[in-house]
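Throughout, read-outs are computed from the coordinates displayed, never taken from laboratory work. Quick caveat, the model's predicted, so the values are computed rather than measured. Here the Cβ positions follow ideal geometry from the backbone for every residue, glycine too, while neighbour counts run over all protein chains shown.
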Amino acid sequence: MPRFLLLAAPTLLLIFALGTAILTACGLAPDLTPLAARGVARPEGLPATIQWATWGFEGLALLALFLLVWGRTRRWWLDGLVAGAAAWTFRGPLLVLAVAGLTRLPVAPFWQLARGALLLDLAAALALALLARRTLDVER
């Protein structure tokens, strides 16, 4: 288990960082134009330390959720998909619904963010499942 945890943390940070860069490069990052029209956009993005802390917190939460799911299904990759989909539920649709319910901001940029988060969460959770299969199954 310690080997898995030591490998999982940097793997998740790498996936979230590279995934965000790839989504931005492919034009799949949220369009901030509707938010800029209201003067609430942050075009410069988050400071680097806060961005890394965010990825770290998301990674820790996904890792904890994955460990709760690991071994519950008959397939290792299905464990990853279940954990990724469950994590995305809170990072995706529930976030958009909270923004829609609490503000008068346009939700289109948040839906774009949620779609990107779906890809990242599933990729990260599948990577965790593969890593767990390689490290945790060996330890049994």
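In this structure, Val107 and Ala48 have a Cβ-Cβ separation that, at R0 = 35 Å, corresponds to a calculated FRET efficiency of about 0.80. Each 5 Å bin from 0 upward holds the following percent of the Cα-Cα pairs of the chain: 2, 10, 18, 21, 18, 13, 8, 5, 3, 1, 0, 0.
Positive contributions from Lys and Arg (+1) and negative ones from Asp and Glu (-1), summed over other residues with Cβ under 13 Å from the Cβ of Ile15, come out at -2.
Most tightly packed first, judged by the mean number of other beta-carbon atoms within 10 Å of their residues, the peptides 40-51, 8-19 read 8-19, 40-51. Rounded to the nearest 500, the 222 nm mean residue ellipticity of the chain from helices alone is -26500 deg cm²/dmol, with -39,500 (n - 2.57) taken per DSSP H run of at least 4 residues. Relative to the dominant Cα principal axis of the chain, helix 2-25 is inclined by about 30°.
Computed from Cα atoms, the angle from the helix 93-102 axis to the main principal axis of the chain rounds to 30 degrees.
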